[in-house]
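Beneath this line is the structure, given in structure tokens, with notes to follow.
The values are calculated or read from the model by the stated rules, or taken from the named source; none is laboratory data. Quick caveat, the model's predicted, so the values are computed rather than measured. Reconstructed Cβ throughout: ideal geometry from the backbone, glycine too, with neighbour counts over all protein chains shown. Calculation scope for accessible area: heavy atoms of the full protein, side chains included, ligands and nucleic acids excluded. Shrake-Rupley method; radii C 1.70, N 1.55, O 1.52, S 1.80 Å.
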There are 2 protein chains.
Amino acid sequence: MDTVAMTGSGRNSVRELVMDAVVQVLVRDGLDGLSVRRVAAEAGVSIGAVQYHFATKDALLVAAANHVTAQFKSRAEELTHRVLAEEGAAAAFLAFCQLLANAIEAPDGEAGDTNATIVWLWFAAKATQCGAVADAFAAGWSLTENYLRGLIADLFPQLDAAEEAGHLLAVLDGLAVARASEPDRMPPHRAATIVRRHFAHLSGGDPAS
Amino acid sequence: MDTVAMTGSGRNSVRELVMDAVVQVLVRDGLDGLSVRRVAAEAGVSIGAVQYHFATKDALLVAAANHVTAQFKSRAEELTHRVLAEEGAAAAFLAFCQLLANAIEAPDGEAGDTNATIVWLWFAAKATQCGAVADAFAAGWSLTENYLRGLIADLFPQLDAAEEAGHLLAVLDGLAVARASEPDRMPPHRAATIVRRHFAHLSGGDPAS
């Protein structure tokens, strides 16, 4: 792994390796099992290299959350851009919501990757304590709600966008929790149906089948 | 504290003390800060006494979740019984939903106790890993959804109770996450408004103000 770490942009590559490793350790061992030692072992780098980039466990958690958020944004942009071109703005908004709720099935019918949702759930739990993690979580989720509000205001100008955005984000968050912690009760197709039902309320029509 | 521990029913009192202490440590220090040592110090009992009742950290977490669930049920029964008598079945159902979303303000206008919601969020996060915690979480939340489904079937027989129960529980869970991790974005009165809006969709009327 050291060879990989030294390619590319050097320090940045080590940072990437470490962030990928934090996600793996967090998903496998939970926040209570997250340690600099385990992240270093997972990434194949020294403990000092991990500590160079992330001085504390909270910093590791925030970095992991930022990492999966960046991956989410990249995937969301690709998806919504494609759906926008093919089916229009409302369908693109729906696709974004499905992605946020982790309600999209992989092409082979299997459940998609839930790592980002699991990291988000640990992030939310840790954000119940005051501090840097709580501040980062609150900032990120306020942005998400604002983004949804803007989309609702554009697409459904007759609605109270602020109220609808809070309601919609609650549904998507609740589905995401269930997708991560109760995949049997909430398989992707069920979560997708609920998102469509909610969306039908927004658009005032019947749920698309 | 040892004096307290020795009163009442002996071992059961120690068990109660330990469960209260687990909740306190979990809320204050997070799951990553939960340890038998800290719980023993918080409860004022020996490490051996904690280990006698709860052999593992997972057992401590499940016990804490069962503890706040029992307190929740007791509070929910008292509340819904009173509202049922005063305002009828639909109002009692709404009150139950408000309680589940942690959307009820204390009488002095302050936010109510969020400890139970915080314990639930750690429980959900840990349930992302397979094992006893995941099994306990899934069992509890299936019961909750079944309970909501039964109430919806009774109150709104024209609806698809299974679909509505999944949708409603997603909203309540999402609000609970926000109440615990983002109390500024989601104060009790905002969560209560969103629950009423959702309830208005169920009952087919306008949101109660």
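Of note:
- Other copies of A:Ser13: label-to-label distances in nm, shortest first, labels 7 Å along the beta-carbon direction: 6.5
- B:Glu164 sits among other residues whose Cβ lies under 10 Å from its own Cβ, and their net charge, with Lys and Arg +1 and Asp and Glu -1, is 0.
- Nearest-10 value in Å² for the accessible area of A:His189, using the 1.4 Å probe: 110
- Those aspartates and glutamates that a straight Cα-Cα span of less than 19 Å connects to B:Lys73, excepting residues fewer than 8 apart in one chain: B:Glu16, B:Asp20, B:Glu105, B:Asp113, B:Glu145, B:Asp173
- B from A by rotation - nearest chain A beta carbon to the axis, in Å: A:Gly174, 2
- Summed residue charge, Cβ within 14 Å of A:Thr80's Cβ, Lys/Arg positive, Asp/Glu negative: -2
- Loop trypsin sites (Lys or Arg not before Pro), segment A:122-181, which have at most 14 other Cβ atoms in a 10 Å radius of their Cβ (DSSP): none
- Segment A:84-100 - phi-based ³J(HN,Hα) in whole Hz, Karplus 6.51/-1.76/1.60, Gly and Pro as x: 4, 5, 8, 10, x, 5, 5, 5, 5, 5, 4, 4, 4, 5, 4, 5, 5
- For the peptide B:179-187, the mean number of other protein chain Cβ atoms found within 10 angstrom of a residue's Cβ is 5.
- Label spacing, shortest first and in nm, from A:His189 to its equivalents in the remaining copies (7 angstrom along Cα→Cβ): 4.5
- Rounded to the nearest whole Hz, the Karplus-based 3J(HN,Hα) values (6.51 cos²θ - 1.76 cosθ + 1.60, θ = phi - 60°) of segment B:153-163 follow the sequence 4, 6, 7, 10, x, 6, 8, 7, 4, 5, 5, with x at glycine and proline.
- Kirkwood-Stokes translational diffusion coefficient of the protein assembly as shown, alpha-carbon pairs, 4 °C, 1.567 mPa s, µm²/s: 57
- Across peptide A:193-201, the average count of Cβ atoms from other chains found within 10 Å of a residue's Cβ is 3.
- Near B:Glu145, once Lys and Arg are set to +1 and Asp and Glu to -1 for all other residues with Cβ below 13 Å from its Cβ, the sum equals -2.
- Taking the square roots of five times each eigenvalue of the Cα gyration tensor of chain A, the equivalent ellipsoid has semi-axes of 34, 18, 16 Å, listed largest first.
- Rounded tilt (10° steps) of B:11-29 against the dominant C-alpha axis of chain B: 70
- Average beta carbon contacts from partner chains per residue of A:123-132, 10 Å cutoff: 6
- Position A:Ala200, label points 7 Å along Cα→Cβ, spacing to each other copy in nm (shortest first, one decimal): 2.0
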